[in-house]
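Supplied in structure tokens, the structure appears directly below.
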Amino acid sequence: MYPFVRVNKKHLLENVRAVTALCAARNIAVTGVTKVFGADPEIAAVYVEGGITRLGDSRVENLKLLKELDAEKWLIRPPMMSEVEDLVTYADVSLNSELATIQAINDAAIAKGKVHKVILMVDLGDIREGFIDHEELIHVAMKTETMEGVHLYGIGVNLTCFSFIQSDEEKMASLAELSKTISTRIGRELEVVSGGNSATLDLALKGGMSEGVNNLRLGESLLFGKERANYTFLPGTHKDVFTMECEIVELKEKPSVPWGTIGVDSYGNSPTFTDRGMRLKAICALGKQDFDVETSMPVDEDIIILGASSDHLMLDVTDSKTTYKVGDTIELQLGYFSTMRAFTSRYVGKVYVD
């Protein structure tokens, strides 16, 4: 049944090995982020096969799916109070920015006879999660160190996700210095200093990471073979791990420009159209509920994506060298957000290719 996503596990494995080798050469360990593909265990297992020993996701529900994999499990979004019991059951590590939450984790861990690892997050300008006040950070670190049910594992930062503030040498130096300060105050060295996500990878590859920053939480670079600061593809990687295949349900010659009074879309915007005259247009049974138009590209480079509604994809196939007919399929190479939607949609099948 269509649509479905074809997952090239061989290419993913090669991506994982290439990216982790680049990081290892710079003394950086990788936490493989699984949220893009909904923590599908078959895909996450490729991470582990490629040498990744830490898996991260933003949802405890997803970490439950990974319980059979031999890897340390990280919750990479600050935990909700309401999920602390499940957090301690299914996650080994969590990223935190609230003392009250850490206390709740401590209590739950003691009740279960466990010790949960805590990474304290620092906000270095992106104004998402983390401590801005460094004295508060040190105070919380000292309090966490005294708790029996949690272990202060390290500190971390996130950049380029909300305000799109870039990683730079100054920010990484600040993170490393904070780690040294906390280590001195607690009388031991923190194990993890996590410098961010795939957007920090370019800085690391250029030698801009401060000594002591020893972890990156990577998803996009592993899955799509590119760092996220400049969207440069990395050596030895592939960009075709995820391919969507969808079926043509209508194929007709139609005008390029609609006729009548144009209204607004669901976001209040009026669409615009380029007049190319009469064109051969295909409609596929796929829509915004299942993928993201902006981060998808036809494998057939002569096809133009015109747009999509919730469950219709409109394509211009006029210039294609392939002669399509109703019932044929068209392939789309998926990017980050398109893959995320595809794995969230229950209408999209999954096929794994070795």
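The values are calculated or read from the model by the stated rules, or taken from the named source; none is laboratory data. Just so it is clear, the model here is predicted, and its values are computed rather than measured. For neighbour counting, all protein chains shown are included, and Cβ atoms are generated from backbone atoms with ideal geometry for every residue, glycine included. Side chains are part of the model used for accessible areas, which takes the heavy atoms of the whole protein and leaves out ligands, DNA and RNA. Shrake-Rupley method; radii C 1.70, N 1.55, O 1.52, S 1.80 Å.
Please list, in order along the stretch 223-231, the HN-Hα scalar couplings obtained from phi with the Karplus expression 6.51 cos²θ - 1.76 cosθ + 1.60 (θ = phi - 60°), rounded to whole Hz, x for Gly and Pro.
7, 10, x, 9, 7, 9, 6, 10, 6
Enumerate by residue number the trypsin sites (Lys or Arg not before Pro) in the stretch 104-161 meeting two conditions: DSSP loop (anything except H, G, I, E, B), and at most 15 other Cβ atoms within 10 Å of the site's Cβ.
Those satisfying the criteria are Lys114.
Here is a further query. Tell me, what % of the accessible area of the chain is carbon and sulfur with a 1.4 angstrom probe?
51 percent
Here's another thing I want to ask about it. Short version: ³J(HN,Hα) in whole Hz for each residue of the stretch 36-51, in order, from phi by Karplus 6.51 cos²θ - 1.76 cosθ + 1.60 (θ = phi - 60°), x for Gly and Pro, what are they?
Rounded to whole hertz, the list is 4, 10, x, 6, 4, x, 5, 7, 4, 5, 5, 3, 5, 4, x, x.
Could you list the chymotrypsin sites (Phe, Trp or Tyr not before Pro) in the stretch 317-354 that lie in coil according to DSSP, counting only those with at most 13 other Cβ atoms within 10 Å of their Cβ?
none
Excluding residues fewer than 8 places away in the same chain, name every one of the aspartates and glutamates whose C-alpha is closer than 12 Å to that of Lys10.
Within the straight-line cut-off, Lys10 pairs with Glu49, Asp240, Asp354.
Using a 1.4 angstrom probe with every protein chain in place, what is the largest-first accessible-area order of Leu178, Leu205?
Result of the area sort, largest leading: Leu205, Leu178.
Full extension from Tyr267 to Glu331: what is 0.36 nm times the residue separation minus their Cα-Cα distance, to one decimal in nm?
This chain segment gains 20.2 nm when fully extended.
How far is it, in nm, from the label point at Asn27 to the one at Thr146 when both lie 7 Å from their Cα along the line to the Cβ?
Taking the two extended label points, one gets 3.3 nm.
While we're here: Before I look further, what does the chain give for accessible area per residue, probe 1.4 Å, in whole square angstrom?
On a per-residue basis, 47 Å².
Packing-wise, with mean Cβ within 10 Å as the measure, how do 215-228, 144-157, 243-256 rank, highest first?
Most protected by this proxy first, the peptides run 215-228, 144-157, 243-256.
Return the long-range amide H neighbours of His116 (sequence gap of 5 or more, or a different chain), with a cut-off of under 5 Å between placed amide H atoms.
Those lying under 5 Å, H to H, from His116 are Val150, His151.
Of the beta bridges DSSP finds with both residues in the chain, what % are antiparallel, to the nearest 5?
In the chain, DSSP labels about 45 percent of beta bridges as antiparallel.
Residue-wise, which Karplus ³J(HN,Hα) couplings in Hz belong to the stretch 124-141, taking 6.51 cos²θ - 1.76 cosθ + 1.60, θ = phi - 60°, and x for glycine or proline?
10, x, 7, 6, 9, 7, x, 7, 8, 7, 5, 5, 5, 4, 5, 4, 5, 4
Also, I was wondering about something else. What GluC sites (Glu not before Pro) in the stretch 37-130 are in a loop by DSSP, with at most 14 other Cβ atoms within 10 Å of the Cβ?
Glu68
Please tell me which of these pairs span more than 19 angstrom C-alpha to C-alpha: Lys226/Lys288; Lys35/Lys64; Lys35/Lys143; Lys64/Lys112; Lys325/Lys350?
In this structure, Lys226/Lys288; Lys35/Lys143; Lys325/Lys350 lie more than 19 Å apart at Cα.
Given the stretch 147-283, what percent of its DSSP beta bridges are antiparallel, to the nearest 5?
Around 65 percent of the beta bridges assigned by DSSP in the stretch 147-283 are antiparallel ones.
From the helices alone, meaning DSSP H stretches of at least four residues, give me the mean residue ellipticity at 222 nm for the chain, per-run term -39500 (n - 2.57), in deg cm²/dmol to the nearest 500.
-8500 deg cm²/dmol
Quick query: amide H of Leu306 versus all other amide H atoms, modeled in the peptide plane; which residues come in under 5 Å with a sequence gap of 5 or more or a different chain?
Met314, Leu315, Asp316
Pick from Val257, Val30, Val118: which residue has the top mean-square fluctuation in a GNM of the chain where Cα pairs under 10 Å get a spring?
Maximum fluctuation in the GNM of the chain, among the listed residues, is at Val257.
Roughly how big is the chain's charge dipole about its Cα centre, with Cβ charges of +1 (Lys, Arg) and -1 (Asp, Glu), in debye to the nearest 20?
380 debye
May I pose another question? Run through all the Cα pairs of the chain and give the fraction in each 10 Å bin from 0, expressed as whole percent.
So the P(r) values, bin by bin, are 5, 22, 28, 22, 14, 7, 2, 0.
Residues with amide H under 5 Å of Phe131's amide H, sequence separation 5 or more or different chain, H placed in the peptide plane at 1.01 Å from N; which?
Amide H neighbours of Phe131, under 5 Å, 5+ apart: Met121, Val122, Asp123.
Between the stretch 5-50 and the stretch 305-343, what's the alpha-carbon centroid distance in Å?
27 Å
Counting Lys and Arg as +1 and Asp and Glu as -1, what is the net charge of the other residues whose Cβ lies under 12 Å from the Cβ of Ile102?
With Lys, Arg at +1 and Asp, Glu at -1, the net is -1.
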